[in-house]
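Reviewing the structure listed below.
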């Protein structure tokens, strides 16, 4: 526990836990022991929660503001430190305390974390899950911060808005999902970027003849193949259908969904075989070693390429057109950013920090560490971008609609306990599409109905 | 020597002793209730709800038996998981444990380089889980693994659902037999050497000596080994979890519970129903085991 810094804070602590509510749930969790039993538990730091003022302070802010960060790898961690330090410098009297938690643990424990004593500000993603936290009252309304934010497109604002029309999220960086390839391989073999599904099939056949695996593929961890489903659904059925399918408003037995799996089954022979035992890193390395020709993945794939010439050799194109009436104007580009907890200890400083994060200076500091992502603020100076970043920025900007990713666009319980096994069983046996869709639909009804 | 004074019940104790005794009874009881029974009963109760882990208890809605119905009918990983758990138990019982005992006997007989073998067989038990996952990934990886590099094959050890359970079982046996070896070795060292000498004088062969003399004498150790094997098989979780989080051919009940309860999914009600099923299966096996153990006494 931190020491109370003033009388009001001290008195707030006198309130018994049963009244405060938060701690009762903590107690309950302990009692039921489900989390404790399985060894997942205390992630949250110590702290108390009480309200503060509202509105973004225009003047100076003081005190300590805590930040929960999932950027646990050395390089991104240093980047977080860099822009937090810059914020501290610009606001003397304010201390930023960063609690870094391992990326996966952070995501897995997010429910417990937010219900315990979360930090004032924490890293998260845009999309359905963000809206879900807002709806459950676990996230703080930051519409007033958004009133002062400039340089963010309407699409980004929409992605930061909860179901109630208020904003709960500040975007920092994003990155596109697309089909990646090595320029040198395409040049050497005289390949053309495919514009349509037929082109893709023809190119795949040619690559096979040349001894390449046309499309690198690894789904040992279960989630990468979700990206391929998203791409095909966006091309076959379009953005609106995809979003409402993800939101549970459409039946999975719908012929439109079956068509997605049918299309996928058609190009599955172009994918690297035995994908269920391969991690995405291994698949990316096969692209890097020029053993496969293309790879449908997010631009974080660049991490498997050495900086410099090798990364410059990496290029991408949007997933080819499948239906000319649908087109290719929907792009998957997950947004990473920050949210404010429901009851921050230092609300003025938290809001000021969130506003700072929306600005180009902070975002460019973040990019320095991870050149596979791009800044969300339009005003960010792109002159320091690598070729890949420049192309990513244009690609995302040209999109008419932007999706996040399957596990961010739908209920996480549905994504992880239904869709991962379902897609893996599709990859094992692409013939039984009817049975697969019926099974998904039955589980979807049970999960979304509850 | 025993005192002549008759024990007059609890009144004989001083006030301080009474408090001490009371504490010695109450504290462990509360601990057991709090740490064992409350979670167990809580899980059973939660299994009839659809709680998502967010919000107060009052917000929990009962859904009756729906979770159980869903598990048995529309949840594809469930039946494979049951099957895999049974296979796991059988392999540990009939292969891993006897192997560990064999190692112990060989090491005990003092083959050359005993200490080296002893250490290397026991090493897997000491290694951290992350390291074990890494070691086997190096061996089993399809594209970059040792096994395929040596044999020139393209078997997808971790990804092919017909193969990966057995691959995981090899890794589990590797670890389990070291543990059993150590337990059994400790027992063998404690066997009175005069028994063996007597058997030798009577003309018994090595094999007969072991099965007729040493093995029966080691009954307490045998029971411990049995129980350990049993518990380890039912709890089987960690190795599979490091490999691929218990999916695609490696489903076990424990991994399904974790997938549903822990993490972002937070299907606490559904996961609790799975945990309750696991509890029921374990209880049946524990009950059978206790019956046998008690009867023999």
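Read-outs throughout are calculated quantities, based only on the coordinates presented, and are distinct from any laboratory measurement. Everything numeric in this text was worked out from a predicted model, so none of it was measured.
List of remarks:
- With helices as the sole contributors, the protein assembly as shown gives -16000 deg cm²/dmol at 222 nm; each DSSP H run of n ≥ 4 counts as -39500 (n - 2.57), and the sum is divided by every residue.
- Per residue, the convex hull around the alpha carbon atoms of the stretch A:187-341 comes to 147 Å³.
- Taking the stretch B:68-296 and dividing mean pair separation by its residue count, relative contact order in percent (alpha carbons under 8 Å, at least six apart): 27
- The separation of the stretch B:165-183 from the stretch B:234-297, counted between C-alpha centres, amounts to 19 Å.
- Fraction of the pair-distance distribution of the stretch A:88-144 above 12 Å, Cα-Cα pairs, percent: 74
- Coarse-grained scattering of chain A at q = 0.06, 0.07, 0.14 Å⁻¹, given as base-10 log I(q)/I(0) from a Debye sum over alpha-carbon atoms: -0.28, -0.38, -1.38
- Dimensionless Rg ratio for the stretch A:370-450, taking C-alpha atoms and the 2.2 N^0.38 Å reference: 1.60
- P(r) for the stretch A:252-302, from all Cα pairs and a bin width of 5 Å, is 5, 17, 23, 20, 15, 12, 7, 2, 0 %, short bins first.
- Taking A:256, A:390, A:189 as the candidate residues, the one with maximal mean-square fluctuation in a Gaussian network model of chain A, Cα springs under 10 Å, is A:189.
- The stretch B:148-257: projected area of the alpha-carbon convex hull, averaged over directions, in nm²: 9.8
- Look at where the Cα atoms of the stretch B:91-116 and of the stretch A:278-321 average out, and the two centres are 48 Å apart.
- The stretch A:108-142-the stretch A:370-434 distance, computed between alpha-carbon centres (Å): 21
- The shape of the stretch B:68-296 comes out oblate: with a ≥ b ≥ c from the C-alpha gyration tensor, a/c is at least 1.5 while a/b does not beat b/c.
- Beta bridges per DSSP, both residues in the protein assembly as shown: antiparallel share near 60 percent.
- Highest-MSF residue in chain A out of A:312, A:432, A:213 [GNM, Cα springs under 10 Å]: A:432
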